[in-house]
Structure formats: C-alpha cells, structure tokens
1. Once the stretch 340-433 is represented by equal point scatterers at the alpha-carbon sites, with solvent omitted, what log10 I(q)/I(0) does the Debye formula produce at q = 0.19, 0.20, 0.23, 0.24 Å⁻¹?
2. Gaussian network model of the chain, Cα springs within a sub-10 Å range: biggest mean-square fluctuation belongs to which of E186, E281, E62?
3. Got the relative contact order for the stretch 340-433 handy, in percent, Cα pairs under 8 Å and 6 or more residues apart?
4. Measure nothing fancy, just the Cα-based angle from helix 223-240's long axis to the longest principal axis of the chain, in degrees from 0 to 90, nearest 10.
5. For K276, list the aspartates and glutamates whose Cα falls under 14 Å from its own Cα; do not include residues on the same chain fewer than 8 positions away.
6. For the chain, what is the charge dipole size about the Cα centre, in debye to the nearest 20, if Lys and Arg each add +1 at the Cβ and Asp and Glu each add -1 at the Cβ?
7. Of the options S241, F270, V309, report the single residue whose Cα projects farthest towards the positive end of the charge dipole of the stretch 221-315 (beta-carbon charges: Lys, Arg +1; Asp, Glu -1).
8. What aspartates and glutamates could a cross-link reach from K227, if we take a straight Cα to Cα line under 14 Å and drop same-chain neighbours fewer than 8 places away?
Amino acid sequence: MEIATVVKANGGCEADRRRRLRRLRCSVKDYAWGKIGSDSLVYRVYAANSDQPIDSTRPYAELWMGTHQSGPSYLEDDADGGSDGVTLRSWIAENPEALGDRVLEKWGCDLPFLFKVLSVGRALSIQSHPDKVLAKKLHKAHPNLYKDDNHKPEMALAYTQFEALCGFIPLQELKSVIRAIPEIEELVGSEEANQVFCISEHDEEKVKSAVRTIFTLLMSAGPDTTKQIVSKLKHRLHMESQERHLTDKERLVLKLEKQYPDDIGVISAFFFNYVKLNPGEALYLGANEPHAYLFGECIEVMATSDNVVRAGLTSKPLDIQTLCSMLSYKLGFPEILKGSRIRPYITRYLPPFEEFEVDLCDLPCGASTVFPSVPGPSLLLVLQGEGRMSTDASADEISMGDVLFVPADTEIHLKSSSDLKLYRAGINSRFLDSP
C-alpha cells in the first residue's frame, strides 16, 4: 500500500511538472529593415529575454517564439528540469500531451503557429505567402529558398502606429491611378493599361484578368527600363510638389524610392491599399495576397512557416514569375480587426484561420484576471510591467521580456504589481470549440 501511494505521488508530481509553465529563450533576426539597437522594441524585448551579451549597433527586426527550425525557442534552465539547451520543439516531442488531443490529431506533434515581435524601420519586400499546395511544390523544387512545405496565413497586431501595403486597391481607385500616373502606362503599354476602363467591377473574372495582366507586365519590366521610369516618376513628383500637395501614396512612393532606388516595387506600390493601423488594431492576410510592411512595431502570429515569395523592395532573391502567377487578384480594402472584449482586461483578435488567435491583456496595477483553460497550447509574451502568474501546478513572477509556453488545459491566474501588457497566442477558439 505504501509503495502504491509513493508511485501515485510520484506520478502526480510528474504530471504537475509537465503541466508547468515553461519559460523560453527566444531567437532574434537582424534583417536590414529592422530598427537599430534600443530604438527597436525587438531589441528591448530580446535584451530582457536573453542571457547573452547584446550588440546595440545591429538592426533588430524580429523576435521569434515557437518551434520553427529557422528560429527555435529554447527552454530556460530550471532547478528540477535541467532543460537548458532543449528546444521547445524537442520538449513537445517528448511531452505531446502538452498540445492537447485535438491539436495532436490535426497538426501532429508540433506547435501549429509561430509568434513574433516585429520592429520595422524601413519597408519589407513586396511579398506573398503560398497556399499549402504551392508551398509543397516550392519546397521540393527550391528547399534552400523555401524552407518548409507549409502555408503561412498571418495576422499583424499594431503595438505602435503601423503602416503596410496590403491587397489590390478597388477598381475605381485603380482607374484613377492609371489616369494620374502616366509612368504605369509607359511601362505596360497603352492597350493593356486601358483595359481597366472597359470593364465593370461586377465582372469579377475580367477584373482579375486585367489586373493580373497589367501587374505582371509591370513587375516583369527590365532593370534599365525600371530605372528610367522610376527616375522619371521621382522627378515629376518632386516638380509637382512645388505646385500642389502630394497624396499620401505619392509621398510614400518617394520615401520608398529613397530606401530602394530603381526598384520596380516603388511603382507597384500604387496598386496596393495603403493601410495605417492604430495601436490595438490588427490586419490579417491569407495565402496569395500581396503585402509589404512599411513602418512601426507589431505583434505577429502565423502558421508555422517561413515561406516568402518576393518581387520587389528587397535585395533578397526575387521570384517575380511565381508571385505574379500565385496572387488571388482580389480587389478591395482589407478587413481591420478591432478585437472583442471577452472578459475584463482581455481583448481577443480572431482571424479566419484555424491555427491561431491572439489575446491582448491590459491589466492595471493591482488588478487580477484569468485566462480560462483551453484544450490547446499557448505562448505568452510580456511587453510591459510586472506581475504574478499562477496555475494549479506553478507560480511565476513575470516582467517585460518574459515568454512562456502554456500546456493545454491550463488555467492561468494573473495579478499585476504595475500596469501589465501581455499577449497570448493560441489555437483559434472557433476550431477548439467546433464539434
């Protein structure tokens, strides 16, 4: 009887150990478009999260939290686990119950989402992400460029004012652009450019076909022609700025030209919606939608993938033919998510993708709240303040820069000791709640 009691107790301790919150050390990316040193939110979070010396002269573009092999997270060493140097991915492989049954059945023994912080100092490339079918083809054909075979729907939640180009502008606006920007007609030809004036927005397939033709011709222009046309555009806008106020899009184009001289992406910016997010607003993107983040800082979550097809505003390898052929060519302004209050101090952002959602917790000093137990894993990121986080298996003091993995079926109690801002990335609740 005594032996059985000891075994049962040891089993309970082991179960509690597996259900504990796991502190993570995370990876950082120093892409050239990132903000430099302490100007970067990524730098400040990484400096608080890392136990390594930090170089304040480098750009800090992205902090990665998750299991992707290109930027793995590691378990922080703990007294009873001895886990320092163990990746989150390998820990999950040994403790698959931490994902919950539904997640294991759907996505296997891995975290299906990747969580990031972005600090954007200058424009990212004009890019799109493939769907699952194309991702498998690209990964098989070019594994050095396309590192995995997964799709990459994503959502960006603004932490500061955040600017992006996203999706094609509506047809009426496109007609105005072609009338106002003669350089586009010069690049693609009069007959092709004028197609848009002969179609109705109600004929969706003809609209998509016309936009596909014009955009592909534009993006396929040779380097000498592009250089000449961009120079002409720049000169014209500078001259006209002395006689009229330039539009927001025209001022943006001049800014992009300074960042990426002689790049076809400068002119292609006229084709995209110019989106300005306020802090707390979010933008989501499905497969095959063109976009480019321009400036600001955001929290980003996506399916676990690093597949990017690029076609401008970058010195990285371009795949213009693939990008132009893969795009959906849907026109119209993207949906902006404001979030929904799900309980005191917690706002949820719920995109139409199964892999992820984000909760934002703004907890005033001295206040308390609860993240209810859900049948899937979560990652928690503290971006401001201090407090205490407890479960039935552990209690942790938390502060800015802390990142924690939360196993499935874990209820979290939070109490702040100063104004606390915390983000939770988890499996989309519509998926978890579905029959």
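The values are calculated or read from the model by the stated rules, or taken from the named source; none is laboratory data. All of these numbers come straight from a predicted model, not from anything done at the bench. As a convention, Cβ positions derive from the backbone with ideal geometry for all residues, glycine included, and neighbour counts pool all protein chains shown. Surface accessibility is based on the protein's heavy atoms, side chains included, excluding ligands, DNA and RNA. Shrake-Rupley method; radii C 1.70, N 1.55, O 1.52, S 1.80 Å.
1. Here log10 of I(q) over I(0) equals -0.85, -0.94, -1.23, -1.33.
2. Fluctuation is largest for E186.
3. That works out to 38 percent.
4. Long axis of 223-240 versus the principal axis of the chain: about 80 degrees.
5. In chain and number order, the partners are E163, D248, E297, E335.
6. Dipole about the Cα centre, nearest 20: 620 debye.
7. Positive-most Cα among the choices belongs to S241.
8. Straight-line reach from K227, under 14 Å: E183, E186, E257, D262, D263.
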